Amino acid sequence: MKTVKRISLVVILLALLITGASSIVITHENEYSLIRQFGRIDHVVAEAGVSFKIPFIQSVDTLPKQTLLYDLSPSDVITSDKKTMICDSYILWRIVDPQKFAQTLNSSIPSAENRLDAIVYYSTKTVISSTPQDDVISGRGGALSSAIIANIGTSLEQYGIELLSFEIKKLDLPSDNKAAVYERMISERDNIAATYTAEGSSEAQKIRNTTDKEVTVMLSDAEKDAEILIAEGEAEYMRILSEAYNDPSKQEFYSFVRSLDALKISMQGGSKTLILSPDSPIAQIFYNK
């Protein structure tokens with residue numbers, strides 16, 4: 001009887017231990033715990049720690065709580081000007097409503113990735129197909145990614161998913177038309193450079209013409225001022241001479257000097273003979289006492 005009692009006690013203890021262990025739910029920091037009852041979600045444990053469930057009636061599923069990365073397959077997209085490009089990208093996403101996620105995607109991460117792949121690809125194709133190739137290339141940083149996320153909008157909320165980021169790893173041309181596109185881009189850049197050069201030359205010529213005009217005006221003004229100063233100087237010179245020779249004795253000396261100057265000028269050159277009448281001012285130099 002004692003042996004039977006001991007065995008019964010051990011069985012009861014084991015049953016209690018198993019029952020207690022099966023009622024404990026441990027939720028980690030990076031996961032959600034979904035408590036199911038008869039296959040349906042009864043409640044969700046979102047906080048890390050220990051909680052309890054009804055043993056043998058309720059079961060536990062877990063979903064990741066951390067940010068997840070999904071690498072999309074490279075795909076061909078066509079721009080609005082009918083140019084084909086290859087887009088290679090990835091997304092960062094997370095589960096924000098685990099109950100809705102479990103109900104719509106059956107708690108399957110691969111199913112969620114397939115749904116994300118289709119939605120993001122369709123949005124990428126839509127945005128790029130309405131954008132010229134040059135704008136796609138120039139906006140492949142933040143502008144293009146923001147436009148694609150904006151196009152997706154709130155369509156992922158129905159799955160309990162939040163799209164955190166869309167990043168383009170590579171946006172390139174098909175190898176068979178790279179050379180033609182590069183040649184066209186080089187030609188366009190050369191045309192832009194030639195336009196800038198022509199505009200610069202035109203502006204430089206305008207500046208030179210304006211400068212030449214200003215220099216001409218300045219020289220003209222300077223010459224005018226110089227003529228005025230010369231005329232004023234000559235007038236002052238004549239006034240000084242007039243005052244200096246305004247005396248009869250000085251007038252006689254002035255006539256004498258002027259006669260010598262005239263004689264000097266008339267005798268320049270080769271051998272010359274000068275014939276003067278007695279009443280000539282020059283003759284008066286030699287004959288007047």
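Pairing residues of region 145-159 that are in a helix (DSSP H, G or I) with residues that are among the charged types (D, E, K, R) and open to solvent by 50 Å² or more (accessible area, probe 1.4 Å), at Cβ distances under 9 Å and at least 6 apart in sequence or on separate chains, gives Ser145/Glu167; Glu157/Asp97; Glu157/Lys100; Gln158/Lys100; Tyr159/Asp97; Tyr159/Lys100; Tyr159/Arg115. I want to confirm something. Restricting to region 226-266 and keeping residues that are aromatic (Phe, Trp, Tyr) and part of a helix (DSSP H, G or I), which single residue is modelled with the highest pLDDT? This residue is Tyr237. A Cβ distance below 7 Å, combined with a sequence gap of six or more or placement on separate chains, defines the contacts here; from region 66-91, residues that are in a strand (DSSP E or B) reach residues that are of a type in the set (Phe, Trp, Tyr) and open to solvent by less than 50 Å² (accessible area, probe 1.4 Å) in the pairs Leu68/Trp93; Tyr70/Trp93; Ser89/Phe166; Tyr90/Tyr70; Ile91/Tyr70; Ile91/Phe166.
Going by the structure shown, is Ser123 open to solvent by 40 Å² or more (accessible area, probe 1.4 Å) and at negative phi? No, not satisfied.
A Cβ distance below 9 Å, combined with a sequence gap of six or more or placement on separate chains, defines the contacts here; from region 110-124, residues that are farther than 14 Å from Ser155 by Cβ and touching a residue at least 12 places away in the same chain (Cβ under 8 Å) reach residues that are open to solvent by less than 50 Å² (accessible area, probe 1.4 Å) and of a type in the set (A, V, I, L, M) in the pairs Glu113/Leu68. Within region 210-224, the presence of at least one residue that is of a type in the set (A, V, I, L, M), open to solvent by 100 Å² or more (accessible area, probe 1.4 Å) and at pLDDT 90 or above is confirmed.
The values are calculated or read from the model by the stated rules, or taken from the named source; none is laboratory data. Please read these numbers as outputs of a predicted model, since none were measured by experiment. Reconstructed Cβ throughout: ideal geometry from the backbone, glycine too, with neighbour counts over all protein chains shown. These accessible areas exclude ligands, DNA and RNA; they are computed on the full protein's heavy atoms, side chains included. Shrake-Rupley method; radii C 1.70, N 1.55, O 1.52, S 1.80 Å.
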